[in-house]
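A short worksheet on the structure shown next.
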Amino acid sequence: MISIKRHAVAIAATTALFGPAQAVIVVTGSVNTLPSVLPIGPGNTLLTGARLLIGSPGTGQVEVGNGSSLQVGSLYLATSGTGIGRLWIHGVGSEVRLDSDTVALFPSTKRFSIADWGSGRVLVEVGGLLNGRFSPASCALAGGMAACGTTIGVGAGSVAELVVRDAGSKAEFFGYFNVGQAGVVTAATGGTDFGTAGGITTTSIHIANGGMLRTDRATVGYGPSGPAATGTERSFSTIAISGPGSVWGIAGGTLDTQTSSLSTAVHANATVNLNVSGGGRIDLSPVANTSHFINLSNGAGKTDMLVTGSGSAVNLNAGILQVGRGLNGTARLDVTAGGVINDAFYFVTGRGGSNGRTVVDGTGSRITVNRSGVPGS
């Protein structure tokens with residue numbers, strides 16, 4: 001891999017994570033493409049089927065601003081353990097499109113990854129778009145929906161952050177959406193060095209001020225995995241949807257028949273905090289012939305979920321909500337200050353040997369169980 005360095009900018013300035021706004025595509029530091037070296041920017045850039053690596057190794061940033069567009073096959077931020085990768089998309093019409101990579105030497109099962117192993121940060125704001133739902137046909141051509149997945153925080157010891165804020169700003173993805181993993185592999189165990197033995201993976205997703213995240217399904221909060229894991233690896237994941245018009249839409253399989261679902265804390269070493277506040281929403285869509293669901297602590301981990309404030313809602317649309325679902329899991333749901341859980345088909349606190357607690361408190365706060373399952377469920 002050869003590092004591409006051009007249009008250097010100071011990374012100190014108007015936002016907490018990124019530098020001052022530019023009018024075009026700006027590449028700084030360690031930014032690489034596979035299978036061959038390709039130029040990026042300063043104008044609109046089309047790299048169909050290529051893999052873009054930001055901060056792998058070293059520190060790198062790509063900025064797509066003020067109406068610019070960048071199209072690549074797949075995009076990875078921080079893959080080397082010491083890598084630091086940043087992606088900044090800002091401004092109406094600014095877009096990063098993913099069309100599934102064709103890198104035969106390094107075949108991919110995903111389109112997008114923040115902190116495969118390292119530190120990765122993505123900011124989408126002021127009407128920008130991170131479009132992982134581009135070119136659906138290429139998902140099937142690359143081997144089905146597995147070719148279009150998303151991971152946020154993979155190798156143990158990684159730090160990953162996704163922020164989507166402001167009206168019109170969106171991040172949209174196909175297939176699986178896996179958050180907060182803690183994998184470890186070494187050359188001695190049959191792979192290449194990946195993950196930090198005993199490491200803690202920290203992930204954060206914030207949808208704010210009218211931003212939107214759209215996924216087919218999601219699992220948040222894993223434990224140790226991989227042949228070199230010691231069993232002490234941990235994951236801490238925080239997801240916040242805050243402000244009027246801020247939405248996490250979980251839509252179900254677009255190119256397959258899998259249901260829309262959210263599972264959290266699937267391992268005892270996983271801790272998840274999920275907050276919906278200030279008018280934010282989670283919208284769960286029904287899928288024919290399936291039962292769509294939110295399972296808090298769908299394993300032995302710990303989940304705290306808060307839905308608080310007038311206009312804050314979890315819209316189940318005849319779905320299932322289980323507060324504690326896996327053996328020895330611990331889950332708590334607080335619905336307060338006018339927050340609501342709408343239109344459940346089935347609601348349970350504590351199931352399958354879990355420890356569950358639900359609190360509904362404050363004027364206008366409610367959980368409504370008033371629906372039948374969708375046809376075929």
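The values are calculated or read from the model by the stated rules, or taken from the named source; none is laboratory data. Predicted model, so just to flag it, every value in this text is computed and none were measured. Virtual Cβ from ideal backbone geometry, glycine too; neighbours counted across all protein chains shown. Accessible surface areas use protein heavy atoms only, side chains included; no ligands, DNA or RNA. Shrake-Rupley method; radii C 1.70, N 1.55, O 1.52, S 1.80 Å.
Tabulated values for the structure
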{"item": "Meets criteria (part of a loop (DSSP other than H, G, I, E, B), in contact (Cβ under 8 Å) with a residue 12 or more places away in the chain and closer than 18 Å to VAL276 by Cα) for GLY210", "result": "yes"}
{"item": "Neighbours by Cβ (under 7 Å, 6+ apart or cross-chain): first from the stretch 122-141, closer than 14 Å to GLU172 by Cα and touching a residue at least 24 places away in the same chain (Cβ under 8 Å); second among the polar types (S, T, N, Q) and open to solvent by 40 Å² or more (accessible area, probe 1.4 Å)", "result": "PRO136/THR254"}
{"item": "Whichever residue in the stretch 270-305 is β-branched (Val, Ile, Thr) and either under 16 Å from GLY373 (Cα atoms) or in contact with a Pro (Cβ under 9 Å, 6 or more places away or on another chain) (or both) and, among such residues, is surrounded by the most Cβ atoms within 10 Å (Cβ to Cβ)", "result": "ILE294"}
{"item": "Hits in the stretch 147-166 (condition: under 13 Å from TRP248 (Cα atoms) and surrounded by fewer than 24 Cβ atoms within 10 Å (Cβ to Cβ))", "result": "VAL163, ARG165"}
{"item": "Subset of the stretch 214-252 (residues that are more than 24 Å from ALA318 (Cα to Cα), within 16 Å of the chain's Cα centre (by Cα) and open to solvent by 30 Å² or more (accessible area, probe 1.4 Å))", "result": "TYR222, PHE236, THR238"}
{"item": "Single residue of THR192, THR186, THR202 found to be closer than 19 Å to ALA270 by Cα and either of a type outside the set (Asp, Glu) or open to solvent by less than 10 Å² (accessible area, probe 1.4 Å) (or both)", "result": "THR202"}
{"item": "Qualifying residue in the stretch 267-279 (condition: of a type in the set (Ser, Thr, Tyr) and farther than 23 Å from ALA318 by Cβ)", "result": "yes"}
{"item": "Pick from the stretch 47-67, criterion open to solvent by less than 10 Å² (accessible area, probe 1.4 Å) and assigned to a loop (DSSP other than H, G, I, E, B), ranking: farthest from GLY183 (Cα to Cα)", "result": "GLY55"}
{"item": "Yes/no for GLY29 being among the small types (Gly, Ala, Ser), at pLDDT 90 or above and surrounded by fewer than 19 Cβ atoms within 10 Å (Cβ to Cβ)", "result": "no"}
{"item": "Residues of the stretch 220-278 satisfying the condition of being closer than 17 Å to THR202 by Cβ and either of a type in the set (D, E, K, R) or at pLDDT below 95 (or both)", "result": "GLU233, ARG234"}
{"item": "Residue in the stretch 89-98 that is among the aliphatic types (A, V, I, L, M), surrounded by fewer than 19 Cβ atoms within 10 Å (Cβ to Cβ) and not in a strand (DSSP E or B) present", "result": "yes"}
{"item": "Pair list, Cβ under 8 Å, 6 or more apart: the stretch 161-179 residue acidic (Asp, Glu), other residue assigned to a loop (DSSP other than H, G, I, E, B)", "result": "GLU161/LEU17; ASP166/VAL126; ASP166/GLY127; ASP166/ASN209; ASP166/GLY210; ASP166/GLY211; GLU172/ARG133"}
{"item": "All positions within the stretch 317-347 that are open to solvent by less than 10 Å² (accessible area, probe 1.4 Å) and closer than 22 Å to ASN209 by Cα", "result": "VAL335, GLY339, ILE341"}
{"item": "Those residues of the stretch 218-239 which are among the small types (Gly, Ala, Ser) and free of Cβ contacts under 8 Å to residues at least 40 places away in the same chain, in sequence order", "result": "GLY231"}
{"item": "So THR238, is it hydroxyl-bearing (Ser, Thr, Tyr) and part of a loop (DSSP other than H, G, I, E, B)", "result": "no"}
